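Just so it is clear, none of the values below were taken in a lab; they were calculated from the coordinates. The shown structure was predicted, so the numbers you read here are calculated from the model rather than taken from an experiment. Every residue, glycine among them, receives a Cβ derived from its backbone with ideal geometry; neighbour counts consider all protein chains shown.
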Amino acid sequence: MLGVLDGIRVLDFGRYIAGPFCAALLADLGADVIRVEKVRGSEDRFLVPLTAAGDGALFMQVNRNKRGLTLNPMKPEGRDVVRRLAATADVVVANLPDPALTAMGLDYTSLAAVKPDIILTSVSAFGAGGPSSEKVGFDGIGQAMSGAMYLSGRPGEPTKSYVPYVDFTTALSATVGTLAALMARQQTGRGQEVKGSLLASALTIANATLIEQAVNAPDRVATMNRSQIAAPSDTFRTTDGWILVQSIGQPLFERWTTLMGEPHWLEDARFKDDISRGDHGEVISARMTRWCAERTTEQALAALEKARLPAGPVYSPQQAVDDPHVQATGFLKAIAFPGSPVSAPVADTPFSLSESQTGIRHRAPLLGEHTDTILTELGYTRSEIAALRAVRVV
């Protein structure tokens, strides 16, 4: 099967997650993606290092299916390489501030002067139009400024999610925007800019909470893992671990009262609907806590499954990797990486297509692994490539 984006070339000037994972998804769909990084290696290559060379776990995940090129676009010779690359590209992905894009010749005006139908997908921390537009930021800043961090953890102890969900959400939305721009180009023949931001993604995820606050002003505070809008929805300790139970809607609550032997709770005004049950969630969680304390994780989950109530074990990272269902689906692909003592379990494309190829074809590139090949494709001779290396342009 062919990939949806076979024949499309993407230049990935992204860093860390939002830009690179967007480009990785385009690569999963068949695009030829060239990861461009600093001559000494960009900072995100070395985050959570796993090999003697310092290649990290995050890099292995978000740079699969790409070829690797080192380049210093701030030097005149490097700007020439950028122009030659742009002339062959359909999409440029970059999560860099606008001044940096301009300095590197990666702003839309410069790119379109080289290739009028090119698409520039850029991601910033805060988006345009406000006083924070030029500020830098990471995933956690989006969590903090969206209200989500305030409602996580304990009251008075804002808690950031360990996993960078804002970054990955931004990458997913940027991918949708890029695909839409490619479809538009088929209709109009013109390229365009696709812009996303971490704050926009964070506000999108938290939007229902913000709407509720603006309309009803409940001034909610954190309640750990207990939901405030439905119940039972919380984490509970068993005799040998923890489970998460989530019940939303009247049918599930009715099943839960039967399981607990509390059918009279259906007549209790405190539990008449989801929001009421959320308001009195402490009472419901206390009942569930007593029930779970008498059972092992396996026993509790079996009983909840029999009652068709959504529940799952709270896993450590190792348990998540070892889970029989995760193993059976084959979603975590064992990808060998030079210098790593074992294969890395890299998450596959998070969707599949019945008539088109998706998925991981090869590992992330070593630093500058394909530099000579790519420059040769652009028309550089061996002596010209050697000259570029001599002045550390590549």
Checklist outcome for this item: Kirkwood Rh over alpha-carbon pairs of the stretch 195-260 plugged into Stokes-Einstein at 25 °C, 0.890 mPa s gives a D in µm²/s of 168
Checklist entry - Based on DSSP, what percent of beta bridges with both residues in the chain are antiparallel, to the nearest 5? => result 40
Checklist entry - Rounded to the nearest 5, what is the percent of antiparallel bridges among the DSSP beta bridges in the stretch 91-235? => result 20
Next on the checklist: Using a Cα-Cα cut-off of under 21 Å, which lysines could be cross-linked to Lys272, ignoring same-chain neighbours fewer than 8 residues away?
Outcome noted: none
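Could you check how many percent of all C-alpha pairs in the stretch 98-178 are farther apart than 16 Å? Walk me through the numbers on the way to the answer.
Details: 2068 of 3240 pairs.
That tail contains 64 percent of the Cα-Cα pairs.
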Checklist entry - With all pairs of different alpha carbon atoms counted, what Kirkwood hydrodynamic radius in Å does the stretch 157-278 show? => result 18.3
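Which order results if Phe271, Phe351 are arranged by neighbouring Cβ count within 10 Å, fewest first?
Result, fewest neighbours first: Phe351, Phe271.
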Next on the checklist: Can you sort Thr170, Thr289 from fewest to most other Cβ atoms within 10 Å of each residue's own Cβ?
Outcome noted: Thr289, Thr170
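Can you tell me how much longer the chain between Met260 and Arg237 gets when fully stretched, taken as 0.36 nm per residue apart minus their C-alpha distance, in nm with one decimal?
Details: separation 23, 0.36 × 23 = 8.28 nm, distance 1.62 nm.
So the extension gain works out to 6.7 nm.
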Next on the checklist: Suppose every Lys and Arg Cβ carries +1 and every Asp and Glu Cβ carries -1, with no other charges. What dipole size does the stretch 1-152 come out with about its Cα centre, to the nearest 20 debye?
Outcome noted: 320
Checklist entry - Can you list, bin by bin at 5 Å, the percent of alpha carbon pairs in the stretch 1-127, starting at 0? => result 2, 11, 21, 24, 20, 13, 6, 2, 0
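Name the helices (complete DSSP H segments) of the chain with a Cα length along the long axis of 24 Å or more and a Kyte-Doolittle mean of at least -0.5, or state none. It would help to have the intermediate numbers written out before the result.
Values: long enough: 165-188 (34 Å, 0.52).
Answer set is 165-188.
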Next on the checklist: Show log10 I(q)/I(0) for the stretch 240-394 at q = 0.17, 0.20 Å⁻¹, two decimals, from a solvent-free Debye sum over equal Cα scatterers.
Outcome noted: -1.06, -1.18
Checklist entry - Which value, in Å³ per residue, describes the convex hull spanned by the Cα atoms of the chain? => result 180
Checklist outcome for this item: Placing each pseudo-label 7 Å from Cα in the direction of the beta carbon, Val114 and Ala390 end up separated by a distance in nanometres of 2.4
Next on the checklist: Given bins 10 angstrom wide, list per bin the percent of all Cα-Cα distances in the stretch 228-302, short to long.
Outcome noted: 21, 55, 23, 1
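What FRET efficiency comes out for the pair Met224/Ser383, r = Cβ-Cβ distance, R0 = 56 Å, nearest 0.05? Intermediate results must be reported in sequence, preceding the final value.
Values: r = 64 Å, r/R0 = 1.15.
Efficiency, rounded to the nearest 0.05: 0.30.
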Item to check | Relative compactness, the stretch 142-191, computed as alpha-carbon Rg over 2.2 N^0.38 Å | outcome: 1.78
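Which of Met288, Met260, Met74 has the fewest other C-beta atoms within 10 Å, and how do the rest follow up to the most? Could the numbers behind the result be given before it?
Values: Met288 25, Met260 16, Met74 12.
The order, fewest Cβ neighbours first, is Met74, Met260, Met288.
Which entries in Lys75/Lys333; Lys195/Lys333; Lys306/Lys333; Lys75/Lys135 show an alpha-carbon gap greater than 29 Å? Mind showing how you got there, number by number?
On the way: Lys75/Lys333 39 Å; Lys195/Lys333 31 Å; Lys306/Lys333 32 Å; Lys75/Lys135 25 Å.
In this structure, Lys75/Lys333; Lys195/Lys333; Lys306/Lys333 exceed 29 Å between Cα atoms.
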